[in-house]
Every structure is written in C-alpha cells, then in structure tokens.
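Everything on this sheet refers to the single structure shown next.
The values are calculated or read from the model by the stated rules, or taken from the named source; none is laboratory data. What you see is a predicted model, and the numbers here were worked out from it, not measured in a lab. Every residue, glycine among them, receives a Cβ derived from its backbone with ideal geometry; neighbour counts consider all protein chains shown. Note: areas computed on protein heavy atoms with side chains; ligands, DNA, RNA excluded. Shrake-Rupley method; radii C 1.70, N 1.55, O 1.52, S 1.80 Å.
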Amino acid sequence: MTFNPNEHQHLRYNPLKDEWVLVSPHRSLRPWSGQTETPPTEEVPRFDPTNPLCPGVTRASGKVTPKYESTYVFENDFPALLQEGPEPAESDDPLFQTKTAKGTCRVICYHPYTDVYFYNLSTKEIVAVIDEWIKQAKELGREYTWVQIFENRGTMMGCSNPHPHCQIWASTFLPNEPRIKDINLRKFYDKYQKPMLQDYVEKELQKRERIVYENSEWVVVVPYWAVWPFETMVLPKRQIQRFTDVDDRQKEALAQVLQTVVVKYDNLFKCKFPYSMGWHGAPTGDKLEECQPHWTFHGIYIPPLLRSATVKKFMVGYEVLAQAQRDLTVEKAAAMLREQPEKRFSL
Ligand code: H2U
C-alpha cells in the first residue's frame, strides 16, 4: 500500500513551535455521543443601555463610555497586567523562579453599534479598525516588548460582551508563544537566510492545497501543521515584520480578508463561528530598533469547533499528556472553508 496523507496516519512538524502533531485521518468518521454546545446565536440589539461598551453607558470603573462614532479605546477595568506594582525578589533556586510582570490592558470597540461585525461593516469601517490596531501597536510598542492584540469571538471562547470589540495586553516580557516562535524563526533564518514565513507563503502559493482565500496582498491558509480543525493563518505576500509596516494597499486588502474569513467561517456551520484571533509580529520595546528580519507579521485564527455548531474539539487526554492530534486533514479543512460562499448565510 502506498502512503496517502488523506488516509494514513502520520506526524507533521510545526517549525514555528518545534512540535509535532499526530494526524489520524482514518479516525474522522467516529461517532460522537459526548458533550454538545448550545449553537452560538447572534440576536443582539443595536444599542443596549446596560452594556458598558455602548456609547453613553457607564462602565465598571464609573467612567462613562463617550458617544463615539468610529472606534473607541479604553483601559480595561479588570486588567491582568498593571503598569506599576511591587517587584518579586530574585531567587537563585532553579525550581522556584519568579520574574517581574508589568503591562497594560486595553479594550478596542470596533464600532458604536452592537449588531455589526466584519461581515457587515464597510471597507472604510474595517480599515478604521485596522488603523486603530496599528496606532495601538505603535504607541504601546514604544514601551512594551510584546503588544498582543486579540479578539475572543463568542461565549464559547470566553467573550464576555456581544459588542464588537477586541483586547490588547501589552507586557514588559515576551510571552511563551511569541518567545518560542522568535527562537524558531531565528534558527530558520540563520540556517537558510530567509524569513521562514516568507518561504512558507511562497511554497503554499505554489502547492495550492491549503489556501482558503487570497487577494493581491494576503493569503489565508490552514497551516500544514494546524492543530485545531479549522485553524487559519493570515500571511502577507510582501514580507513585513510588524503591524506598523502595513501600508495602505495592504490595509485595504486586509479589510477584505477580515470580511471574507468570517463569512466563510460563519457559513461553514451556519452559526456565529467562535474563535480567538490575533496578530503576531517582531517584538517591540527595547527590541524596536533591532533588526529582526526573521519575523514576518501574520494573523492567527483559532476556532474550537470540530464538526458542527454544537460539537467542539477537546484538547484532552493524549493531547495534554503526549501530543496534539487531529482527525480531519488540514487539506480537507482548507477545502471545506475555501468552498464556502463569500456571501454570509441568512437565517
Ligand atoms: P472579552 O469579551 O474578551 O472578555 O472583553 C471584554 C473586556 O471588557 C473584558 O476584558 C472589559 C472586561 O474586563 N470591561 C471593562 O473593562 N469594563 C466594563 O465595564 C465591562 C467590560
């Protein structure tokens, strides 16, 4: 029998994490009698006088959200990172290491209306969100080593508020995911003298097996090494290191990406598709002036759903004790998303 990646078990390497994922395609037809989720619904009013993210409503801090007309940014009233605080004592015991953690947390409201999202905002309105992301990345990047812009979509992903918004956590330290990525991107660059993700984009554009969507500036793929069933990466066709390097052409094209990706996701299981998404680029703060050609700016979407709006993937058992595993092949997941129309379903 000859090996067929769509049928036969194998391991795939994630060069960004230096990790392997087990792919078991023969297992994808197994029946499911475990937990099911409530299908994500989407009926929200345009304005809710009790929602603190709506214009004119008072937040937990007692401050009033102004009557904003585009994007609006405020300091998170429940920040995980504070700018100031007592510092822990250094320890020379290798088993009990502690480090200082400082930072700041903000919330960005995308639009004054609660019943809008990337699928029904105009290009101009989406570009306003992108501009705000870039502005925040620039401002916070001057002070902080890592500026993590991220959005949790849907209650299944821990989103606490239906208003269109995202969060920013900026820190004095490099968190684990980008820290490991930085090490692996650098190793690749040193070995091949080429940014890993630029090389990857070029090869994916040739192979054309995992592309979900592409336009003149960006390509969206289910990465070769994806762990989550419908995980995607948004990669630039022109090499850039950071969000602050994105030019006007890339901005307009990125607005199209944001709109199309969510429409395809929502169409897949006819629901408000839950995910965490965010952006990664070269570290900032002290490293702002450092040349970091090994980095390529990119976006990441991590959705938890597996086979319907109510069945999600659990990262448990073998995956937390040994190694991540997937049943649905990456290529099949990419095809399923690619085939979705670019017009959103209506109920
Ligand atoms: P999530 O939906 O991803 O949880 O983001 C909403 C954020 O808004 C959350 O971090 C903040 C929460 O702390 N928030 C305020 O800062 N003030 C409020 O009055 C409500 C919510």
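Could you figure out which of (1) within 16 Å of the ligand (Cβ to nearest atom); (2) in contact (Cβ under 8 Å) with a residue 12 or more places away in the chain isn't true of S160?
(2)
Please enumerate the residues belonging to region 17-42 that are over 26 Å from G158 (Cα atoms) and basic (K, R).
R27, R30
Does at least one position in region 66-75 carry a residue that is outside any loop (DSSP other than H, G, I, E, B), modelled with pLDDT of 95 or more, surrounded by fewer than 18 Cβ atoms within 10 Å (Cβ to Cβ) and among the hydroxyl-bearing types (S, T, Y)?
Checked against the condition, which is being outside any loop (DSSP other than H, G, I, E, B), modelled with pLDDT of 95 or more, surrounded by fewer than 18 Cβ atoms within 10 Å (Cβ to Cβ) and among the hydroxyl-bearing types (S, T, Y), region 66-75 yields no hits at all.
Somewhere in region 80-102, is a residue within 25 Å of I130 (Cβ to Cβ) and not hydrophobic (A, V, I, L, M, F, W, C)?
Among the residues of region 80-102, not one is within 25 Å of I130 (Cβ to Cβ) and not hydrophobic (A, V, I, L, M, F, W, C), which makes the answer no.
Determine whether Y144 is open to solvent by less than 40 Å² (accessible area, probe 1.4 Å), hydroxyl-bearing (S, T, Y) and under 19 Å from the mean Cα position of the chain (by Cα).
No; evaluated as a whole, the condition is false for this residue.
Taking region 294-340 as the region of interest, how many residues are closer than 22 Å to G154 by Cα and open to solvent by 40 Å² or more (accessible area, probe 1.4 Å)?
Count: 7.
Could we say that V21 is within 16 Å of the ligand (Cβ to nearest atom), hydrophobic (A, V, I, L, M, F, W, C) and more than 30 Å from E143 (Cβ to Cβ) here?
No; evaluated as a whole, the condition is false for this residue.
Identify all residues within region 43-75 that are among the acidic types (D, E) and touching a Cys at 6+ places or on another chain (Cβ under 8 Å); write none if there are none.
If the condition is that a residue be among the acidic types (D, E) and touching a Cys at 6+ places or on another chain (Cβ under 8 Å), then D48, E75 are the ones that fit.
Which residue pairs have Cβ atoms under 6 Å apart, sit 6 or more places apart or on different chains, and have a first residue in region 95-106 that is assigned to a loop (DSSP other than H, G, I, E, B) and a second that is within 16 Å of the ligand (Cβ to nearest atom) and not polar (S, T, N, Q)?
none
Name the residue that is farthest from the ligand (Cβ to nearest atom), counting only residues in region 81-97 that are surrounded by 11 or more Cβ atoms within 10 Å (Cβ to Cβ) and at pLDDT 95 or above.
In this case the residue turns out to be Q83.
Can you spot a residue in region 305-312 that is touching a helix residue (DSSP H, G or I) at 6+ places or on another chain (Cβ under 9 Å) and at pLDDT 95 or above?
The answer is no; no qualifying residue exists.
Pick out the one residue from T2, T36 that is over 17 Å from R326 (Cβ atoms), polar (S, T, N, Q) and surrounded by 11 or more Cβ atoms within 10 Å (Cβ to Cβ).
T36
Yes or no: T244 under 18 Å from the mean Cα position of the chain (by Cα), touching a residue at least 12 places away in the same chain (Cβ under 8 Å) and more than 30 Å from S28 (Cβ to Cβ)?
yes
Is at least one residue of region 7-30 touching a strand residue (DSSP E or B) at 6+ places or on another chain (Cβ under 6 Å), among the charged types (D, E, K, R) and not in a loop (DSSP other than H, G, I, E, B)?
Within region 7-30, one or more residues are touching a strand residue (DSSP E or B) at 6+ places or on another chain (Cβ under 6 Å), among the charged types (D, E, K, R) and not in a loop (DSSP other than H, G, I, E, B).
Can you tell me which residue within region 50-78, out of those that are over 12 Å from H163 (Cβ atoms) and touching a Gly at 6+ places or on another chain (Cβ under 8 Å), is nearest to the ligand (Cβ to nearest atom)?
Checking each candidate, the answer is V64.
Yes/no matrix, rows are residues, columns are (1) outside any helix (DSSP H, G or I); (2) over 17 Å from the mean Cα position of the chain (by Cα); (3) surrounded by 15 or more Cβ atoms within 10 Å (Cβ to Cβ):
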site	(1), (2), (3)
P112	yes, yes, yes
I130	no, no, yes
K135	no, yes, yes
N152	yes, no, yes
M156	no, no, yes
L185	no, yes, yes
D190	no, yes, no
